[in-house]
Amino acid sequence: MDPARPRHGDDDPSPAPQPHRRAHSTSSDLERYAGLFARRTQVMRSSAMRDLMEITARPEVISLAGGLPDTSTFPRDSFAAQMTRIAQQSAAKALQYGPTEGFAETKDVIREVMAAEGMSPEPEDVIVTTGGQQAIDLICKALIDPGDVIVAEGPTYPGAVPVFCSYEAETRQVEMDADGMRIDLLEELLAELDREGRRPKFIYSVPTFQNPGGVTMALARRRRLVEIAREREILVVEDNPYGLLRYEGSALPPLYRLDGGDYVLYVGTLSKILSPGIRVGWACAPPPVMRKIVLGKQAADLCTSTLSQYFVREYFAEGRWLDYVGKLARIYRSRRDAMLDALARHFPAQATWSEPEGGLFVWATLPDYIDTTDLLAKALRENVAFVPGQAAFVEPRGTHSMRLNFSAQNEDEIREGIRRIGAVIAEQVDLYETITGEHRAAKPAPDGEPAPGHVLPFQRPASPPDPER
Ligand SMILES: Cc1ncc(COP(=O)(O)O)c(C=O)c1O
């Protein structure tokens, strides 16, 4: 021990120095830092799902909020065997930095996954990213200056909203129906932007089993969207985490396949077909765009976790990944059915919801006097959670809608969760009817037709048929 240093033991009467305690966010504290923040922090938005995660992690809460796949279904023995093989055969490499673009073996895996949906990118058009989320971020980093226009679906992936905001983009959202983004409205918006002398940098779309809408873009619309991109030389960013999680119907070609990778950039992930914890996703882009994405990734995190990429390599080498996707699809199909059944039982007659053929989400819309952000506070008191619709819009829209996830809970929990949300909604409906004297809860006609005049955002029009479908 250094004899010159004062000791603070039993025989030392001088008081021990107290660790400096940090005052928590008082207003003077905030003022102290306020002048230091970058301008973009003023428009940054918090992710609704991230905010909810702390509450929904409580065991008594039935969370229909997150987009969590059911990782408990992954066989533990294979996981142990794969990690042991890495430890025994490749420890030094798996614990080392790797190339920014990702390992060639990881790209082989990615190309195998994309081939399952009929796509065949060149290896140099692929970069391995830290989740699909980072791919969205890097694409924005490469393309977006403050004030640039991004066109997205309305509602859009709630996790993309904070990204678009943090790059100070102006996001314009195009309505959807049961066949995905309304391409007629997209064309109107593009014409309007033309008149303003503006050209969007890209159109962001989740065309298959959309998060949060649960709807899938029809084939004719896909074709037209790709045509528009070519005609106008606008990029499309296709984000496709759910394409392989189909529970019924037949597969549709991804936009990337229809376009061949000239104007459509692609974002993929292993989060929903293997594990979100490994944080392995990817982007595909033509070489000039890819070069900028790589520079952005070098600055962001040097490379995607090498250990995760080794795990991916081991896992796919077993050649059973499609069986596991099939197992997940069977589990999620019956959970989806449980949710749709419970919605029909417990939600009021004026509510509408999407009926997804795959993916993880249902989007429900309630009578317009119910604000789902307020409703969430009440639902949390009943220990049940969902994502309020506003999280899926940049503008203050979506306030009567909610996103409901059916992958993270078992059928009983889903039924109970929907029952509890239904009970909270019923209180609001009763209150509204008592105050206004109106009775808007008219039951639907016996043939299932909705009450007249009610807008059904994602319902297929009965007639006339949509020429785009
Ligand atoms: C549409 C969409 N894009 C991207 C992501 C991000 O996924 P990850 O970063 O886990 O790959 C998600 C996750 O839910 C998503 O639904």
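How many residues, within the stretch 259-278, are surrounded by fewer than 19 Cβ atoms within 10 Å (Cβ to Cβ) and of a type outside the set (S, T, N, Q)? Please lay out each step first, then the result.
In the first step, residues of the stretch 259-278 are kept if they are surrounded by fewer than 19 Cβ atoms within 10 Å (Cβ to Cβ); the result is 260-262, 275, 277.
Of the ones still in play, those that are also of a type outside the set (S, T, N, Q) are 260-262, 277.
Selection size over the stretch 259-278: 4.
Quickly run through the stretch 133-145 and pick out the residues that are open to solvent by 10 Å² or more (accessible area, probe 1.4 Å) and within 16 Å of the ligand (Cβ to nearest atom).
Initial filter on the stretch 133-145 (open to solvent by 10 Å² or more (accessible area, probe 1.4 Å)): 133-134, 137, 141-145.
Selection gives Gln133, Gln134, Asp137, Lys141.
Go through Lys297, Lys292 for me and flag whichever is open to solvent by 30 Å² or more (accessible area, probe 1.4 Å), in a helix (DSSP H, G or I), closer than 15 Å to Ala142 by Cα and out of contact with any Pro (no Cβ under 9 Å at 6 or more places or on another chain).
Working: Lys297 fails: open to solvent by 30 Å² or more (accessible area, probe 1.4 Å).
Exactly one of Lys297, Lys292 is open to solvent by 30 Å² or more (accessible area, probe 1.4 Å), in a helix (DSSP H, G or I), closer than 15 Å to Ala142 by Cα and out of contact with any Pro (no Cβ under 9 Å at 6 or more places or on another chain), namely Lys292.
Would you check if Val236 is under 21 Å from Ala391 (Cα atoms) and more than 11 Å from the ligand (Cβ to nearest atom)? Break it down stepwise before answering.
Working: under 21 Å from Ala391 (Cα atoms): no; more than 11 Å from the ligand (Cβ to nearest atom): yes.
Judged against the criteria, Val236 is not a match.
Does Asp148 count as closer than 24 Å to Gly249 by Cβ and surrounded by fewer than 21 Cβ atoms within 10 Å (Cβ to Cβ)?
On the way: closer than 24 Å to Gly249 by Cβ: no; surrounded by fewer than 21 Cβ atoms within 10 Å (Cβ to Cβ): yes.
So Asp148 does not fit the description; no.
Give me the pairs, please: first residue somewhere in the stretch 244-257 and within 18 Å of Arg111 (Cβ to Cβ), second residue anywhere and among the aromatic types (Phe, Trp, Tyr), beta-carbon distance under 6 Å, and either six or more positions apart or on two chains.
Note: pairs meeting the criteria are Tyr256/Tyr266.
Quick test for you: out of Pro388, Pro356, pick the one residue that is open to solvent by 10 Å² or more (accessible area, probe 1.4 Å) and touching a helix residue (DSSP H, G or I) at 6+ places or on another chain (Cβ under 9 Å). I'd like the intermediate steps shown before the answer.
On the way: Pro356 fails: open to solvent by 10 Å² or more (accessible area, probe 1.4 Å).
Just a single option satisfies the conditions, and that option is Pro388.
Being hydrophobic (A, V, I, L, M, F, W, C) and either out of contact with any strand residue (DSSP E or B) (no Cβ under 7 Å at 6 or more places or on another chain) or within 7 Å of the ligand (Cβ to nearest atom) (or both) is the filter here, so list the residues in the stretch 257-269 that pass it. First the steps, then the outcome.
Going through the stretch 257-269, the residues hydrophobic (A, V, I, L, M, F, W, C) turn out to be 258, 264-265, 267.
If the condition is that a residue be hydrophobic (A, V, I, L, M, F, W, C) and either out of contact with any strand residue (DSSP E or B) (no Cβ under 7 Å at 6 or more places or on another chain) or within 7 Å of the ligand (Cβ to nearest atom) (or both), then Leu258, Val267 are the ones that fit.
Those residues that are touching a residue at least 24 places away in the same chain (Cβ under 8 Å), away from the ligand (no atom under 16 Å from the Cβ) and either open to solvent by less than 10 Å² (accessible area, probe 1.4 Å) or farther than 21 Å from Glu355 by Cβ (or both), I need them from the stretch 168-186; list them, please.
Glu168, Ala169, Arg172, Asp179, Ile183, Asp184, Leu186, listed by residue number.
Conditions tested, residue by residue: (1) in contact with a strand residue (DSSP E or B) (Cβ under 9 Å, 6 or more places away or on another chain); (2) closer than 25 Å to Ile150 by Cβ; (3) part of a helix (DSSP H, G or I).
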{"position": "Gly319", "(1), (2), (3)": "no, no, no"}
{"position": "Tyr324", "(1), (2), (3)": "no, no, yes"}
{"position": "Ser334", "(1), (2), (3)": "no, no, yes"}
{"position": "Ile370", "(1), (2), (3)": "no, no, no"}
{"position": "Leu375", "(1), (2), (3)": "yes, no, yes"}
{"position": "Gln409", "(1), (2), (3)": "yes, no, no"}
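Residue by residue, here is whether (1) aromatic (Phe, Trp, Tyr); (2) at pLDDT 95 or above; (3) on the phi > 0 side of the Ramachandran plot; (4) not in a helix (DSSP H, G or I) holds:
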{"position": "Ala364", "(1), (2), (3), (4)": "no, yes, no, yes"}
{"position": "Val394", "(1), (2), (3), (4)": "no, no, no, yes"}
{"position": "Leu404", "(1), (2), (3), (4)": "no, yes, no, yes"}
{"position": "Arg415", "(1), (2), (3), (4)": "no, yes, no, no"}
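For the stretch 190-207, which positions are within 10 Å of the ligand (Cβ to nearest atom) and touching a Ser or Thr at 6+ places or on another chain (Cβ under 8 Å)? Break it down stepwise before answering.
Taking the stretch 190-207 as the starting set, the residues that turn out to be within 10 Å of the ligand (Cβ to nearest atom) are 204-206.
Result: Tyr204, Val206.
Would you mind telling me which numbered condition in (1) in contact with a helix residue (DSSP H, G or I) (Cβ under 9 Å, 6 or more places away or on another chain); (2) open to solvent by 50 Å² or more (accessible area, probe 1.4 Å); (3) modelled with pLDDT under 95 Glu382 fails?
Here Glu382 meets the rest and fails (3).
Can you go through Ile62, Ile127 and tell me which one is closer than 28 Å to Tyr332 by Cα, crowded, with 22+ Cβ neighbours inside 10 Å and either among the aliphatic types (A, V, I, L, M) or within 26 Å of the chain's Cα centre (by Cα) (or both)? Steps first, answer last, please.
Numbers: Ile127 fails: closer than 28 Å to Tyr332 by Cα.
Going through Ile62, Ile127 in turn, the sole match is Ile62.
Would the stretch 343-350 turn up any residue that is open to solvent by less than 20 Å² (accessible area, probe 1.4 Å), outside any helix (DSSP H, G or I) and out of contact with any helix residue (DSSP H, G or I) (no Cβ under 6 Å at 6 or more places or on another chain)? Write out each step before concluding.
Restricting attention to the stretch 343-350, the residues satisfying the condition of being open to solvent by less than 20 Å² (accessible area, probe 1.4 Å) are 343, 347, 350.
Next cut, outside any helix (DSSP H, G or I) only: 347, 350.
Right, trim to out of contact with any helix residue (DSSP H, G or I) (no Cβ under 6 Å at 6 or more places or on another chain) and you get 350.
Yes, some residue in the stretch 343-350 is open to solvent by less than 20 Å² (accessible area, probe 1.4 Å), outside any helix (DSSP H, G or I) and out of contact with any helix residue (DSSP H, G or I) (no Cβ under 6 Å at 6 or more places or on another chain).
The values are calculated or read from the model by the stated rules, or taken from the named source; none is laboratory data. These numbers were taken from a predicted model, which means no experiment stands behind them. With ideal geometry, Cβ positions are generated from the backbone for all residues, glycine too; neighbour counts draw on all protein chains shown. Only protein heavy atoms, including side chains, enter the accessible area calculation; ligands, DNA and RNA are left aside. Shrake-Rupley method; radii C 1.70, N 1.55, O 1.52, S 1.80 Å.
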